[in-house]
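**Student:** Supplied in structure tokens, the structure appears directly below.
Read-outs: derived from the displayed coordinates by stated rules, not from any lab. Just so you know, these numbers come straight off a predicted model, no measurement behind them. Every residue, glycine among them, receives a Cβ derived from its backbone with ideal geometry; neighbour counts consider all protein chains shown.
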Amino acid sequence: MESTQPDSDPYRANGAHSGAPWGPARTEALPRVPVEPQIVVDPRYPVEPPPPGHSGPSKGYPRWQIAAIAIGVLVVVLGSVGLAVMSRKDKGAATNAAGVVTSAGAANSVGPAATASAPAGASASAKASASASASAKAKASASAKPKTESAGQFGNFPNANNTGVPAGVTLKKKSGDITVTKKGTVIDGIELTGCISVNASNVTIKRSRIKGSCAEGTIGPHYNANYTNLLIEDVEVDGLDESNTYSVVAGTNFTCRRCNLHGGGTGIRAGSNVVVEDSWLHGNHVGGESHNTAMSIHGGSNITIRHNWLQCDGGWNCSSALSLYTPDGAIDHVLVDSNLFSGGGYCVYGGVYNRDTGLVAAKQVRFLNNGFLKNQWPKCGDLGPVAGWDVPVEGNVWSGNYWYPDRNKKVEP
């Protein structure tokens, strides 16, 4: 689990939801909420189950009545089918007498004036009608298929088409963990099965696919280290669904741009001096009592989160799409601008709340123009869009946040 706190923690929402940052999982007998691997445009909300011990309505008919009804329905259906068959035979006989092609395709001409072919105009009309019908069916079939994240249906937000390795880049396969110790190292165009530990400044990892699962992160710039200016750009990082607690990227002093991060317990666990932009964080690996997020901050400052799709899609195991966890350390000067959020107990924990010992608050935090998506829960998160923002703090700003896609429908904390 990401962290453990006393039962009195107000983030637990009265202890009812394992998606809160801390606290045990649900213990009441409720179904887990299915999360579709592909997202559709129209929201699909959980459906309430029947009462415990019942697979349907609580009252029903005796078995003999059900059997009698079933027999009666069957008799009516069979009778209708018989009448339809007899009617079609009668029509077929009349048609054959007129000399028109039968269903078997043979011409049954009775007189010299009868022909087996229809007039040219009628044939062309029939072909045009058939073509139009086929085209309509094709369009209906295409529109009936659910659109997925990779189709980019959520405007221009990051997805599989515009994050990760750019099209046309040839990757050189490598295996084994890499430890970078040389300043200015550039890693470009590789597909690595293993993790990358960065122990140097001004390192660049770009146009690559990294697949691995490590405690310090599949890419680990480290916490509280003196290494600075790590750039992760146009990179796909896959945690391989091996751990529900490890992060895909974790540490301080880095920029993650156009990243496609998935398959870990958390997409990004960030400290100070971090920029995450134009990236897609999704596909959390969850299990047991794990508490997962797309991105979390456990103390730090000077953090920018701009134009990303942050999606925690692990059902009740998800704490949030984005969490600011002030009990783990002071948080200040954070810009959260123009992102799309989805999933969690709440979609966002803002880092401001009261505890028994007084106010614990993130400061100089700005949530601006972010979209809250209802594709997993009717309120973005199971319990609502935002928590931890109920106490006014000087310098904190909540403005322009909306229910996606309608910018006129504002989300209020």
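**Student:** Within the P(r) computed for region 172-410, what percentage of the Cα pairs occupies the region above 31 Å?
**Tutor:** 18
**Student:** Moving on to the next point. Students often get this wrong, so check it: of 173/374; 211/379; 206/363; 182/206; 363/410, which have C-alpha atoms separated by over 27 Å?
**Tutor:** Correct reply: 173/374; 211/379; 206/363.
**Student:** What do you get when you divide the Cα radius of gyration of region 250-290 by 2.2 N^0.38 Å, with N the number of residues?
**Tutor:** Normalised Cα radius of gyration, region 250-290: 1.25.
**Student:** Over region 161-284, consider all pairs of different Cα atoms and compute the Kirkwood hydrodynamic radius from their mean reciprocal separation; express it in Å, one decimal.
**Tutor:** 13.8
**Student:** In region 289-372, how does Rg compare with the Kirkwood Rh, expressed as the Rg/Rh ratio over alpha carbon atoms?
**Tutor:** Ratio of gyration radius to Kirkwood radius: 0.97.
**Student:** Below 15 angstrom from the Cβ of residue 180, what's the summed charge of the other residues (Lys, Arg +1; Asp, Glu -1)?
**Tutor:** That sum, taken over residues with Cβ under 15 Å, equals +1.
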